[in-house]
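Undergrad: Dumping the structure here so I can ask a few things about it.
The values are calculated or read from the model by the stated rules, or taken from the named source; none is laboratory data. All figures in this text were calculated on a predicted structure; none of them were measured in a lab. Here the Cβ is made from the backbone with ideal geometry for all residues, glycine too, and neighbour counts use every protein chain on show.
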Amino acid sequence: MNHLKSLRPLGAVLFGLLLGCQPESTTEEVEKPYFDLSGFLDLQVEQLSSIDLQLNKSTLLGEDTDQFSSVLQKEEWDQEFRFFYEVDINQSILLDQYAPSLQKNGGAMITRYSPKETMENGVQWLEIIQTGGVVTQVSAFTFDKNALYTTQRMLEMNFEDKGGKAHLTDYEVKGFQKMVLKDTVNYSIQGTVLYP
């Protein structure tokens, strides 16, 4: 099924809701003292778009739900990952603002980047789990508040090690948005990749 045809109104509304509360991104080249999340996602997009893989996706916006399946092209994978690109902390304004903590759990190495000082808005933490040098999970938590809205978001991507490379298996974005004089709206996006 063509992705654009299968994208129903709920998905479009959810995209508009979330896009409207995003900070401006920057394309400025900066040094990358933290995990290169954007570079990692770029590799995932290339890898996923090189073969025909079906994505099963479900969305929740308030009490409304929607589901669809599609084989995505490169530009569409870029869109699927847009919220994960936004939690890349390798930005000039954030240099030296985060500190990594390392923890071993069995054969896994967990690296969590947290603000050195309390940060009221933005990425509250970014966590990368690697096993044998291969990324098996990426997760993050963001919080933003201003005069118009409060929004909170939890993101998670899971990967399987296939031949020493990380292959995306599933991802989830969930959270809420509370606008002035309006009810809180809970939302979630869940995707599962089906390999042949």
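Undergrad: Answer with yes or no whether Leu155 is touching a residue at least 60 places away in the same chain (Cβ under 8 Å) and not small (Gly, Ala, Ser). Let's see the steps before the verdict.
TA: On the way: touching a residue at least 60 places away in the same chain (Cβ under 8 Å): yes; not small (Gly, Ala, Ser): yes.
The answer is yes for Leu155.
Undergrad: Turning to a different aspect of this structure: Select from the stretch 122-152 the residues that are free of Cβ contacts under 8 Å to residues at least 60 places away in the same chain and under 20 Å from Tyr187 (Cβ atoms) and list them in ascending order. Walk me through how you get there before you give the answer.
TA: Filtering the stretch 122-152 down to residues free of Cβ contacts under 8 Å to residues at least 60 places away in the same chain leaves 123-125, 127, 129-134, 136-137, 139-143, 145-148, 150, 152.
If the condition is that a residue be free of Cβ contacts under 8 Å to residues at least 60 places away in the same chain and under 20 Å from Tyr187 (Cβ atoms), then Val123, Gln124, Ser139, Ala140, Phe141, Thr142, Phe143, Lys145, Asn146, Leu148, Thr150, Gln152 are the ones that fit.
Undergrad: Of all residues in the stretch 88-116, count the ones that are aliphatic (A, V, I, L, M) and loosely packed, with under 11 Cβ neighbours inside 10 Å. Lay out the reasoning, then the answer.
TA: Step one: of the stretch 88-116, the residues aliphatic (A, V, I, L, M) are 89, 93-95, 99, 102, 108-110.
If we keep only those that are loosely packed, with under 11 Cβ neighbours inside 10 Å too, we end up with 102.
Adding up the residues that qualify gives 1.
Undergrad: Right, next: Give the stretch 158-175 a look and list any residue that's in contact (Cβ under 8 Å) with a residue 12 or more places away in the chain and loosely packed, with under 14 Cβ neighbours inside 10 Å, or say none. Reasoning before the result, please.
TA: Filtering the stretch 158-175 down to residues in contact (Cβ under 8 Å) with a residue 12 or more places away in the chain leaves 158-161, 164-175.
Result: Gly164, Lys165.
Undergrad: Of everything in the stretch 109-132, what is within 21 Å of the chain's Cα centre (by Cα) and either small (Gly, Ala, Ser) or closer than 21 Å to Thr151 by Cβ (or both)? Give them in sequence order.
TA: Here is the first cut: in the stretch 109-132, the ones within 21 Å of the chain's Cα centre (by Cα) are 109-115, 119-131.
Selection gives Tyr113, Ser114, Pro115, Met119, Glu120, Asn121, Gly122, Val123, Gln124, Trp125, Leu126, Glu127.
Undergrad: Next up: Within the stretch 158-182, which residues are of a type in the set (Val, Ile, Thr) and under 16 Å from the mean Cα position of the chain (by Cα)?
TA: Hits for the stretch 158-182 are Thr169, Val173.
Undergrad: Considering only residues of the stretch 129-157 that are surrounded by 16 or more Cβ atoms within 10 Å (Cβ to Cβ) and of a type in the set (D, E, K, R), which is nearest to Thr192 (Cα to Cα)?
TA: Looking at residues that are surrounded by 16 or more Cβ atoms within 10 Å (Cβ to Cβ) and of a type in the set (D, E, K, R), I get Glu156.
Undergrad: Quick check, is Leu155 under 16 Å from Leu60 (Cβ atoms), assigned to a strand (DSSP E or B) and under 17 Å from the mean Cα position of the chain (by Cα)? Write out each step before concluding.
TA: Numbers: under 16 Å from Leu60 (Cβ atoms): yes; assigned to a strand (DSSP E or B): yes; under 17 Å from the mean Cα position of the chain (by Cα): yes.
The answer is yes for Leu155.
Undergrad: Run down Leu181, Leu126 and say which single residue is buried (at least 17 other Cβ atoms within 10 Å of the Cβ) and out of contact with any Leu (no Cβ under 6 Å at 6 or more places or on another chain).
TA: Values: Leu181 fails: buried (at least 17 other Cβ atoms within 10 Å of the Cβ).
That would be Leu126, the only listed residue that is buried (at least 17 other Cβ atoms within 10 Å of the Cβ) and out of contact with any Leu (no Cβ under 6 Å at 6 or more places or on another chain).
Undergrad: When both residues are 6+ apart or on different chains and their Cβ atoms are under 6 Å apart, which pairs have a first residue that lies in the stretch 54-77 and is of a type outside the set (Gly, Ala, Ser), and a second that is in a loop (DSSP other than H, G, I, E, B)?
TA: Cβ pairs passing all conditions: Leu55/Leu72; Asp66/Arg8; Val71/Asp52.
Undergrad: Grab the strands (runs of 3 or more DSSP E) fully contained in the stretch 31-110, keeping just those with 2 or more residues being within 18 Å of Glu156 (Cβ to Cβ). Explain how you work it out, then say what you get.
TA: Values: elements: 54-61, 64-71, 98-105.
Correct list: 54-61, 98-105.
Undergrad: In addition: Looking at the stretch 84-142 only, could you name the residues that are among the aromatic types (Phe, Trp, Tyr) and over 22 Å from Lys165 (Cβ atoms)?
TA: Within the stretch 84-142, the first condition is being among the aromatic types (Phe, Trp, Tyr), and the residues that meet it are 84-85, 98, 113, 125, 141.
Within the stretch 84-142, Tyr98, Tyr113, Trp125, Phe141 qualify.
Undergrad: Next question. Being of a type in the set (Asp, Glu), in a loop (DSSP other than H, G, I, E, B), modelled with pLDDT under 95 and within 24 Å of Ala99 (Cβ to Cβ), is that true of even one residue in the stretch 111-132?
TA: So in the stretch 111-132, the residues of a type in the set (Asp, Glu) come out as 117, 120, 127.
Among the residues that remain, those that are also in a loop (DSSP other than H, G, I, E, B) are: 117, 120.
Checking the rest, the ones that are also modelled with pLDDT under 95 come to 120.
Those still in the list that are within 24 Å of Ala99 (Cβ to Cβ) too: 120.
Yes, because at least one residue in the stretch 111-132 is of a type in the set (Asp, Glu), in a loop (DSSP other than H, G, I, E, B), modelled with pLDDT under 95 and within 24 Å of Ala99 (Cβ to Cβ).
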